[in-house]
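J.: Structure incoming, see below.
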Amino acid sequence: MIKQITNVTSEELVAILHIWLQANIDAHHFIPKEYWERNYEFVRSTLPKATLFTYCVGNEIVGFLGLMGSYIAGIFVKKQWRSCGIGRKLINTVKAEKMRLSLSVYDKNERAISFYLSEGFTLKEKKIESETNEIESILFWASNR
């Protein structure tokens, strides 16, 4: 079940942050784990400002999408729930509400790039992300309705 959260509780925030950290470490083997750990507190303070869409199984949050305006800050799913269509359901929920979406993704995260391209996103530009020195693709999606 997908639930939109505008006022995240401390319990929800802890669950979401755990998913965020583990998913980033898993997906970005090319970036040291310490980078994500260093950014944990920043993300903890930023997440409540985002519109969060959570995917729950029972009462457990197993995935979420963070949205800042029309920018997708990320889609993160617990390891055991990946490749079950949760990311697709989350992104389709947001597509139903927005006319345009954008996001950035590391080029070395080939699985994510493949997913976003399959969801109709197109490449706008590439740039080097200054903190990690990794190449990022900036992707856009526009509704045809």
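The values are calculated or read from the model by the stated rules, or taken from the named source; none is laboratory data. All values reported here derive from a predicted model rather than from experimental measurement. Glycine also receives a Cβ, built like all others from the backbone with ideal geometry; neighbour counts cover every protein chain displayed.
J.: Are any residues in the stretch 1-34 touching an Asp or Glu at 6+ places or on another chain (Cβ under 9 Å), touching a residue at least 24 places away in the same chain (Cβ under 8 Å) and β-branched (Val, Ile, Thr), and if so, which ones?
T.: Within the stretch 1-34, Ile5, Ile31 meet the criteria.
J.: Looking only at the stretch 54-87, which residues are among the aliphatic types (A, V, I, L, M) and under 12 Å from the mean Cα position of the chain (by Cα)?
T.: Leu65, Leu67, Met68, Ile72, Ala73, Ile75, Val77, Ile86
J.: Considering every residue within the stretch 106-123, establish whether at least one is of a type in the set (D, E, K, R) and within 16 Å of Leu21 (Cβ to Cβ).
T.: No, that holds for no residue.
J.: Residues being more than 17 Å from Ile31 (Cβ to Cβ) and either touching a Leu at 6+ places or on another chain (Cβ under 7 Å) or in contact (Cβ under 8 Å) with a residue 12 or more places away in the chain (or both): count how many of those fall in the stretch 135-144.
T.: Qualifying residue count, the stretch 135-144: 6.
J.: Further question on the same structure: Looking at the stretch 89-100, which of its residues are surrounded by 11 or more Cβ atoms within 10 Å (Cβ to Cβ) and either in a loop (DSSP other than H, G, I, E, B) or at pLDDT below 95 (or both)?
T.: Result: Glu97, Lys98, Met99.
J.: Could you run through the stretch 34-45 and say how many residues are among the charged types (D, E, K, R) and in contact with a Leu (Cβ under 9 Å, 6 or more places away or on another chain)?
T.: 2
J.: Going by what's in this entry, would Ile5 be described as in contact with a strand residue (DSSP E or B) (Cβ under 6 Å, 6 or more places away or on another chain) and over 17 Å from Trp81 (Cβ atoms)?
T.: When the stated conditions are applied, Ile5 passes them.
J.: What's the total number of residues in the stretch 101-134 that are in contact (Cβ under 8 Å) with a residue 40 or more places away in the chain, part of a strand (DSSP E or B) and either of a type in the set (Gly, Ala, Ser) or more than 11 Å from Ile72 (Cβ to Cβ) (or both)?
T.: The number of residues fulfilling the criteria is 2.
J.: What are the pairs with Cβ atoms under 7 angstrom where one residue, in the stretch 78-91, is within 17 Å of Gly58 (Cα to Cα) and the other, located anywhere, is at pLDDT 90 or above and hydroxyl-bearing (Ser, Thr, Tyr)? Sequence gap at least six, or different chains.
T.: Ile86/Tyr55; Lys89/Tyr55; Leu90/Tyr55
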